[in-house]
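Written out below as structure tokens is the structure these notes cover.
The values are calculated or read from the model by the stated rules, or taken from the named source; none is laboratory data. None of these values were measured; they are calculated from a predicted model. Positions of Cβ are backbone-derived with ideal geometry, glycine not excepted, and every protein chain shown enters the neighbour counts. For the accessible areas, the whole protein counts, side chains as well, though only heavy atoms, and no ligand, DNA or RNA atoms are used. Shrake-Rupley method; radii C 1.70, N 1.55, O 1.52, S 1.80 Å.
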Amino acid sequence: MAGKVKWVTDIEKSVLINNFEKRGWIQAAENEDWNFYWMSIQTIRNVFSVETGYRLSDDQIVNHFPNHYELTRKDLMVKNIKRYRKELEKEGSPLAEKDENGKYIYLDFVPVTFMLPADYNLFVEEFRKNPSSTWIMKPCGKAQGKGIFLINKLSQIKKWSRDSKTSSFVSQSSSKEAYVISLYINNPLLIGGKKFDLRLYVLVSTYRPLRCYMYKLGFCRFCTVKYTPSTSELDNMFVHLTNVAIQKHGDDYNHIHGGKWTVSNLHLYLESTRGKEVTNKLFNEIHWIIVQSLKAVSPVMNNDKHCFECYGYDIIIDDKLKPWLIEVNASPSLTSSTANDRILKYNLINDTLNIAVPNGEIPDCKWNKSPPKEALGSYEVLYDEEMAQSDGPDRDLRSRSGQSIGIKGNRARDSGKPVLTTWK
């Protein structure tokens, strides 16, 4: 195809710009013709807004879906997952099966969560069932650990609500300062006595049919201070929050490795300490919950053909090796805290562009969004709904742990409400 790709970005990061320049792409201004715009979530809101938005042409693509917040806002993600479970239950899907305690066997992967102020009474009811529990409060629309605190007494939440009287805790119309409160995972898997979480990168090229890719080079982020469930340390965020934006201010922060481990190191460590079988099961379950979270939002996502998106998934593993989905980020940080970080993020953008903009040529958003295997780099196909459907309804379908369930005649449907199916 003739002509060079013209790019724009409002995120001045070298890992982006070096990737554009390496391809010989040409920088354009926002008000000129452009083909590729890597934009912040504020800008995407304007591009697709009814008042200020404009129509994108077939040779223009952007790096967010219009309503990505259905997945990336903490409150909406939980609401969509709850709705997805209920719909599957109503259909009698084996996915929504529950155990004798009424817990979902396959879909219990988000900690118990309530919206505040809307669900305050429901939260109090739940809190009283288990008054020794710890809960974590997070503002719905903030990132990097901002505004987060832990509570273990109802009086703390009442005090917070009084202190917030001036803010929107009272006026529910504003979602700006809405909070979610989630049961705190107080039995995290520890390595070297420290809590960590997983940051995994997932690329979605289309939601209907769902096609998503997992980046093989995710990493673990460690706290700098040893973990203690002691209630006297509830306000020490160096113990509880793994965000680099917080940990880098700690006295024990290591600027060479940045408190990070690669996912492959974690895999090796767990294989050697816990065994191969349980480690593989854990990683299977992590892949499973990512696919289920995407299926939960696919019916409500505006599947605009001009869009792709690379999400940062945050997963915590508890000491029983059960993974929990904590949140999904629409703009995972492209700031590099270490040399390895810079290389990883440069390669992440490189591989993302190779899938989103085939051959680095001027995009045509009507293409089928199925790149050849050799174009995937360090991505691997996590789930391809079309492929899963074309395998036929009579095929034995697997649960997340790989057991054969053998449901006959249940074909996954376009609505994004599948039955059990393999994601590879």
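Residues in the stretch 266-274 carry Karplus couplings, in order, of 4, 4, 5, 4, 5, 4, 6, 9, 10 Hz; the curve used is 6.51 cos²θ - 1.76 cosθ + 1.60 with θ = phi - 60°, and Gly or Pro positions show x.
Taking every protein chain into account, the accessible area of the stretch 6-69 amounts to 52 square angstrom per residue (probe 1.4 Å). Coupling constants for the stretch 28-35 follow from the phi torsions by the Karplus curve (6.51 cos²θ - 1.76 cosθ + 1.60, θ = phi - 60°), and in residue order they are 10, 8, 4, 8, 9, 5, 9, 10 Hz; glycine and proline get x. Taking the inverse of the mean reciprocal distance over all distinct Cα pairs, the Kirkwood hydrodynamic radius of the stretch 6-69 comes to 12.4 Å. Among 371-378, 277-284, sorting by the average number of other beta carbon atoms lying within 10 angstrom of each residue, highest first, gives 277-284, 371-378. Long-range amide H contacts for residue 329: which residues qualify at under 5 Å (H placed 1.01 Å from N, peptide plane, sequence gap of 5 or more or a different chain)? Here the answer is 312, 313, 314, since their amide H atoms fall under 5 Å of that of residue 329. Of the trypsin sites (Lys or Arg not before Pro) found in the stretch 48-148, those that fall in a DSSP loop while having at most 10 other beta-carbon atoms within 10 Å are 55, 103. Which of the pairs 74/129; 226/260; 226/320; 216/345; 260/295 have their Cα atoms more than 22 Å apart in this structure? Those over the limit are 74/129; 260/295. Basic side chains Lys and Arg get +1 at the Cβ, acidic Asp and Glu get -1 at the Cβ, and with that the dipole of the stretch 6-69 about its Cα centre reaches some 220 debye.
For residue 195, the amide hydrogen comes within under 5 Å of the amide hydrogens of 223, 227, counting only partners 5 or more places away or on other chains and with H modelled in the peptide plane. The mean sequence distance of close C-alpha pairs (under 8 Å, at least 6 residues apart), as a share of the length of the stretch 6-69, puts its relative contact order at 36 percent.
Across the stretch 10-19, rounded Karplus estimates of 3J(HN,Hα) from the backbone phi angles (6.51 cos²θ - 1.76 cosθ + 1.60, θ = phi - 60°) give 10, 10, 7, 10, 5, 5, 7, 4, 4, 5 Hz, Gly and Pro being marked x.
Legend: distances between Cα atoms for 138/158; 79/373; 13/322; pairs beyond 24 Å are 79/373; 13/322. One decimal place: the segment residue 86-residue 10 gains 23.4 nm when fully extended, by the rule 0.36 nm per residue minus the C-alpha distance. The amide H of residue 64, built 1.01 Å from its N in the peptide plane, has 308 as neighbours under 5 Å, considering only residues 5 or more places off or on other chains.
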